[in-house]
Structure formats: structure tokens, C-alpha cells
Amino acid sequence: MQIQLRRFLLSFAALFSFLVFVSVCGAQNPPQAPKPKVRTVTAFINIERGRYQIQVSEAADFLKKAKTTFEKQGYTVETLRIVTQPFPEYTKGVSRAEALQFFKNLDGVAQQEHLMISIGPAYLSGEEGGAQADLLADILKNTKSLYGTVVVTNHEGVNWPAVKSAAGIIKTLADNTPHSEGNFRFAAIANVPAYSPFFPAAYHTGAGHQFTIGLESANTVAAAFQGASDFADARRRLIDLLYPQAFDVEHISVQIAGDQGWNYLGQDLSPAPSVDASIGAAIELLSQQPFGASGTLTAVGTITSALKEIGARRVGYSGLMLPVLEDPTLAERWNAGLFSVDALMSYSAVCGTGLDTVPLAGDTSVETLGRMIGDVATLSVKWNKPLSARLLPVAGKRAGDRTEFTDPRLINGVIQPLNTK
């Protein structure tokens, strides 16, 4: 009876919010677009070393049921993901060798269940934090489906020892993983709130038994901008189009929460791109210029501003993602030298998510990596906004060389020189 009542109340709340939107905007005939893909359904759990297989299996069962529910409503669900509490909490009291074996076993379970698992951040504080960062580097170096982070900000501002440790992890993974792809599963994060569904940044510090949704909605943005007369019109069109999509996802998620007894926290409204859904192309529709030219900053700011108007439950970044090597248009413009790391930093001042999947020369020093991460963290502190750095130095490659990544989610690109003078 309690579960049925809870499901009714949650469903009613979601339906009421959607009807309010329809009553306000229904007469405006908002543009139409196909349903976005669900990039991920992400479950948050607290695991115990002695029961992790059962706990992961239970979470996987929930995620598969959630996927089926979305598919029945016409959505494509691309990935299922699990996030644990920060890994130092459940590796206390075990040797380094025992910890590494545990994560190899966990990685095996992830692959068996066709899952991605984030083991959360290494919380750095002095010598102990440095040891946890070294352990994280070894974990990621020896696994395939595990993701992790280092938090590079704290209540005082930029955590410079953490910045240094994050740079060291990046260098280790570049030098010790095939094609240097290990860094695709690591990020330095600054002021990123808990419960984002997107990896590598996802983490939580709560009770577990919760879930969030991430959409692949770059094509929605592009559809909204088709035929827009100016930036204001484009912003209104995007709100009109994304609002009902977001509430449809929320309605389904609330239904899943009621049926399965898991707590739905919200969705990250960031319009995630992919190899066949380009946010770069959508931005160019609005700016009428190649990405990186004048007008790009206004376009990305317009998108971010529109996202803030969507009244659905939001988590994580809920901003704009500009992953250089996950978006075909961004990769093409990067290869042509039309924008730089400095340009990405300027765009991050009005959107997000910082520096994401940026290819770098293999001889990029730890000091240079630290300066790049420090810039992201400083900008994050200045504007109190979530940013991250996912940098991809490639061992043996120099400026002008092309990457040779094998992950189908990555688009190979040209390594551009950095302004290090």
C-alpha cells in the first residue's frame, strides 16, 4: 500500500508540472523533434567488499528493468551505469595488492553485466590523499570498465596538492595504457555536484539506492535552432522543445521509482553529443559560423541559459558539454585549428564542462598538465560552477600527429601545439 501511494504521489507531481507547461506553452506550437536517446540510466549504491557481487547484481537487475520501461515508451537506452561510494571508504584496512585484486574482480563483474562502474573520487588530504591517487592510477591502469576522479577544489578554493596528484595520474595512464586510452576513464573535477549520471565525473556520498538519467539530446538542440530568426528566438524554441521532452523522461523515471522502490533524483540536462549527434553542428546552426569563430561564445551561452529555464528535477552539470573528440563537428574544427584550449576555457565561463577529451602530445609534462587543471579549477572557483578536465596525452605522439584511439566513442583527431611559453 505504501509503495502504491508513493508511486501515485510521484506520478501526480510529474504530471502536474507537465500540465502547467502545456497550459502556458501549448498554444505556441513548439517545434518538433525525435525523442532523444537516453545516454545512461545511472544507479548509485553503497557496496561492501564481502557482498559486492550481490549488490552489483541487484543494481544491474534494476537498471535492466528501467531500460525496458524506457524502451516500451519508444526510447533507445545506450548504457547502464553504476556509481559506488568513494573507493577509499571500502578499501580501508586492506593491502594495496588486495585492493587491486578486488577492483580487477569488480571490473570482471562490470564486463559480465555489460555495465560501466564509477568508483568515485580519491579524496586528497596530504600524504594519505597522495597514496589514494596512486592507487586510483593503478586501478584504472589494470581495468577496462572502471572510472574514477580526483576532486581538485575544496571549501578553501583550489586544492593544489590534488591538482598535482591528478596531473600525475594522467601521466601514468598515458604512459601505461594501450593507445593511452586510460585517461578516457579519468577526470579532475572541480565543484561538480554529486549524482550526475555522466562519467567519469559521477559520484555520490549518500545512502545509495538512487538513480538519475542522462540524455543524448544534441539533436534536440539542432532541431530547435532550425529556422530560428535570432538568438532570442532560438532560446525560446529550445525551451519549448526540451521542456516536454524533459518532463516525459521525468514522468517515466517517477514511474520506475514507484515500481522498483528506488529513489529518482533527477536528470542532467546537459545535451550530451555523440558521433551521430553533434552539439557543434547545433551551435553552428545558431551562430551561422564555424565553431570557434565570433558568435560561438554567444551561442553556447544561449544554450546554457535555456537549460536553466527547464523546471524538471536537475542534477549534475546541467550545462553544455563540449567534448572535442566525442563530437564530429568539434573534432573537425579542432583538427583545422579553428579553436584552442584557451578558447574552450573562455566558453567554459558561460557553459561547461571545462576541458573534455582534449588530445595532447605524449611529452606534455606533469607540470603543464597541472597548469591546465589548475586553470580549470581556478575558473570553477571564480564562478562557483562545475567544471572538469579530461585530458588525453598520447604516448609517442607529437603536435601534428593524429591519435589512434580504438574506443568507438572517440573520434581520432590531430594533436595541436600548446601555448606553453
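Laboratory data are not the source of any read-out in this text; all were calculated from the coordinates shown. Computed from a prediction, not measured in an experiment: that's the story for all the values here. Please note: Cβ atoms are built from the backbone with ideal geometry, for glycine as well, and neighbour counts cover all protein chains shown.
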Item to complete: Give me the percent of DSSP beta bridges within the chain that run antiparallel, rounded to the nearest 5.
Response: 30
Practice prompt. Report relative contact order for the chain in percent, whole number only (criteria: Cα-Cα under 8 Å, sequence separation at least 6).
Written response: 18
Discussion item. Quick check: the distance between the Cα centres of segment 248-327 and segment 48-97, to the nearest angstrom?
Written reply: 24
Item to complete: Could you pull out every residue, at least 5 positions away or on a different chain, whose amide H is within less than 5 Å of the one on Lys37? Hs are placed 1.01 Å off N in the peptide plane, and Pro or chain starts have none.
Response: Glu216
Worksheet item: Along the three principal axes, how long is segment 47-195 when you take its alpha carbons, biggest first, rounded to the nearest angstrom?
Response: 49, 33, 32
Worksheet item: Residue by residue, what Karplus-based ³J(HN,Hα) values in Hz, rounded to whole numbers, does segment 377-388 have, using 6.51, -1.76 and 1.60 with θ = phi - 60° and x for Gly and Pro?
Response: 5, 5, 5, 4, 5, 4, 9, 6, 9, x, 9, 8
Fill in: Cα centroid of segment 130-199 to Cα centroid of segment 204-220, whole Å
20
Worksheet item: For the residue pair Asp342 and Lys308, what label-to-label distance in nm results when each label sits 7 Å from Cα along the Cα-to-beta-carbon direction?
Response: 2.7
Response to the item:
Whole-Hz Karplus couplings 3J(HN,Hα) for segment 179-194, θ = phi - 60° and coefficients 6.51, -1.76, 1.60, Gly and Pro as x, run 6, 6, 7, x, 6, 5, 9, 9, 8, 8, 10, 10, 6, 7, x, 5
Discussion item. Could you compute the net charge surrounding Ala187? Neighbours are other residues with a C-beta less than 9 Å from the C-beta of Ala187; K and R count +1, D and E count -1.
Written reply: +1
Discussion item. Strictly over 24 Å apart at the Cα level, which of Lys67/Lys385; Lys92/Lys141; Lys35/Lys72; Lys67/Lys308; Lys65/Lys92 would you flag in this model?
Written reply: Lys67/Lys385; Lys67/Lys308; Lys65/Lys92
Response to the item:
GNM on the chain, Cα springs under 10 Å; top mean-square fluctuation among Gly370, Gly292, Gly74 goes to Gly74
Fill in: Per-residue HN-Hα couplings for segment 141-157 [Karplus 6.51, -1.76, 1.60; θ = phi - 60°; Hz; x = Gly/Pro]
5, 10, 9, 10, 10, 9, 10, x, 9, 10, 7, 10, 10, 8, 5, 8, x
Worksheet entry | segment 93-195 - share of DSSP beta bridges that are antiparallel (%, nearest 5) | 20
